[in-house]
Amino acid sequence: MTFSGEILAFIILALAAILGGVLLLNLTKVVHMVVALVLSFLSIAGIFILLSAEFVAVVQVLIYSGAITIIMLFGIMLTKHNDSEASTKKNRWKHGVLLLAIAGFAYAVYIGIYNLDIASQESTLHENNTEQIGVELFSKHVIPFELASVVLLVALVGAITLAKKPDDEEEGESQ
């Protein structure tokens, strides 16, 4: 394996994605967690660019880093939070088990990738990939695409309804 700028960029982006995930799990303030999640999403978008999947990278930035983050922040603002700290002894036990699980998973992934044999094939990935995705999406898969947008709209309306319901019940009880 030769060391190139592409491999260096991949390593930096992969470490940034992992760092974002670790920070997401370890930070205590929810807004900081969302920022760590955005770091992870942007790093993954950079990896997509390295894979010549520019369309998927732009969708990753627009949908996940933008829209999903905004929806999460709205969800945080619309819900009530009960902050309670768990005991540190239980946290240490959980951290130890989590560290062993992560090490086991990393070893399994390493063994799986190390033994993987992929034959190289000629492909046209770099030629008009956005156009190819658009033609496939809007010719063969237009119904599932539209159904997904309806499901997302219903989920958004349901989330707003659930978030508003307790406030309306409290007002009715006080009168």
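Derivation of every value follows stated rules applied to the coordinates shown; laboratory data play no part. Because the structure is a prediction, the values reported are computed rather than measured. Neighbour counts run over all protein chains shown; Cβ positions are idealised from the backbone, glycine included.
Projected over every direction and averaged, the convex hull enclosing the alpha-carbon atoms of the range 1-80 yields 5.8 nm².
Run the numbers for residue 120 and residue 101: contour at 0.36 nm per residue of separation, minus the present Cα-Cα distance, in nm. Walk me through the numbers before you get to the answer.
On the way: separation 19, 0.36 × 19 = 6.84 nm, distance 3.33 nm.
Additional length available on full extension: 3.5 nm.
Residue 139 to residue 22: FRET efficiency via 1/(1 + (r/R0)^6), r the Cβ-Cβ distance, R0 35 Å, to the nearest 0.05? Once the sixth-power term is evaluated, E becomes 0.25.
Quick check on packing: order 44-55, 66-77 by the mean number of other C-beta atoms within 10 Å, highest mean leading.
44-55, 66-77
The gain in end-to-end length when the residue 2 to residue 71 segment is fully stretched comes to 20.6 nm, 0.36 nm per residue minus the alpha carbon separation. Just to verify a number: FRET efficiency for residue 11 and residue 110, C-beta to C-beta distance, R0 = 22 Å, to 0.05? Once the sixth-power term is evaluated, E becomes 0.90.
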